[in-house]
1. Quick one: which residue in 82, 114 is touching a Pro at 6+ places or on another chain (Cβ under 9 Å) and under 18 Å from residue 27 (Cβ atoms)?
2. For the stretch 19-46, name all the residues that are surrounded by fewer than 21 Cβ atoms within 10 Å (Cβ to Cβ), acidic (Asp, Glu) and without any contact (Cβ under 8 Å) to a residue 60 or more places away in the chain.
3. Pairs, please: C-beta under 9 Å, at least 6 apart or cross-chain, first residue free of Cβ contacts under 8 Å to residues at least 12 places away in the same chain and in the stretch 122-135, second outside any helix (DSSP H, G or I)?
4. I'd like the full set of residues that are among the aromatic types (Phe, Trp, Tyr) and assigned to a strand (DSSP E or B), limited to the stretch 102-125.
5. Return the residue satisfying two criteria in turn: it lies in the stretch 47-57 and is closer than 15 Å to residue 126 by Cα and either among the aromatic types (Phe, Trp, Tyr) or touching a Pro at 6+ places or on another chain (Cβ under 8 Å) (or both), and of such residues it is surrounded by the most Cβ atoms within 10 Å (Cβ to Cβ).
6. Pull out all pairs, ordered by first then second residue, where Cβ-Cβ is under 9 Å, the residues are six or more apart or on different chains, the first lies in the stretch 82-105 and is at positive phi and in contact (Cβ under 8 Å) with a residue 24 or more places away in the chain, and the second is loosely packed, with under 14 Cβ neighbours inside 10 Å and not in a strand (DSSP E or B).
Amino acid sequence: MIRINEVHATILIARAAEIEFVPKLHHCIADYSADDQLKGGVLFTNYRVGSVAIHMAGFRKNWVSKSMLYLAFHFPFKQLKVKKLFGMVPERNVEARNSDLRLGFKIEYTTDDVYGYEDGVNGMHLMSMRAEDCRWLAMPMPLIEYAPEDRTSPIQPLAAMSSYNNLPAE
């Protein structure tokens, strides 16, 4: 079941992707199993009109569903109308790099010395996908099962939160 901007998923995906998530500025799409376990999801950050960054994290094998594929690419390209998606993948995360390449991302640049691992594998790949190269935009819309309201705890708008804390305590 798909959940949009759900607190639990947002925190876990942001931790796994090693990024900070800012409610109201960023967006989360998560997929849960029928037994209410987080399978994985995507976060969108750093929207710049022409581009947006995407961060993906899976917590189960084969976590990417047709619904997730559809939403992960239709949201930025069709709703936000960006021309390009960016992803930053640590050089040591070969599995993520290969997954992104299979999805259609290309490595634009690899930079050294981003991390401080003693084995010397400290680079990061800047990966991207252009809207015109995204084969997922041609897929027909699958049946998307959204979680019922009683099974979600969406992030509230900033105006509804206290000024010093915009994420609930764990």
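The values are calculated or read from the model by the stated rules, or taken from the named source; none is laboratory data. Note that the structure is predicted; figures quoted are calculated from it, not measured. Cβ coordinates were reconstructed from backbone atoms using ideal geometry, including for glycine residues, and neighbour counts include every protein chain displayed.
1. Numbers: 114 fails: under 18 Å from residue 27 (Cβ atoms).
Of 82, 114, the one residue that is touching a Pro at 6+ places or on another chain (Cβ under 9 Å) and under 18 Å from residue 27 (Cβ atoms) is 82.
2. Residues satisfying the conditions are 20, 35.
3. Sorted first by the residue in the stretch 122-135, then by its partner, the pairs are 132/83.
4. Taking the stretch 102-125 first, the residues among the aromatic types (Phe, Trp, Tyr) are 105, 109, 115, 117.
Matches in the stretch 102-125: 109 only.
5. Applying the filter and picking the extreme gives 54.
6. As it stands, the answer is 104/133; 104/135, since those pairs meet every condition given.
Residues checked against (1) within 16 Å of residue 41 (Cα to Cα); (2) surrounded by 14 or more Cβ atoms within 10 Å (Cβ to Cβ):
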| site | (1), (2) |
| --- | --- |
| 60 | yes, no |
| 74 | yes, yes |
| 79 | no, no |
| 108 | no, no |
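Here is a yes/no grid of residues against (1) at pLDDT 90 or above; (2) crowded, with 18+ Cβ neighbours inside 10 Å; (3) part of a helix (DSSP H, G or I):
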residue: 92; (1), (2), (3): no, no, no
residue: 100; (1), (2), (3): yes, yes, yes
residue: 127; (1), (2), (3): yes, yes, no
residue: 150; (1), (2), (3): no, no, yes
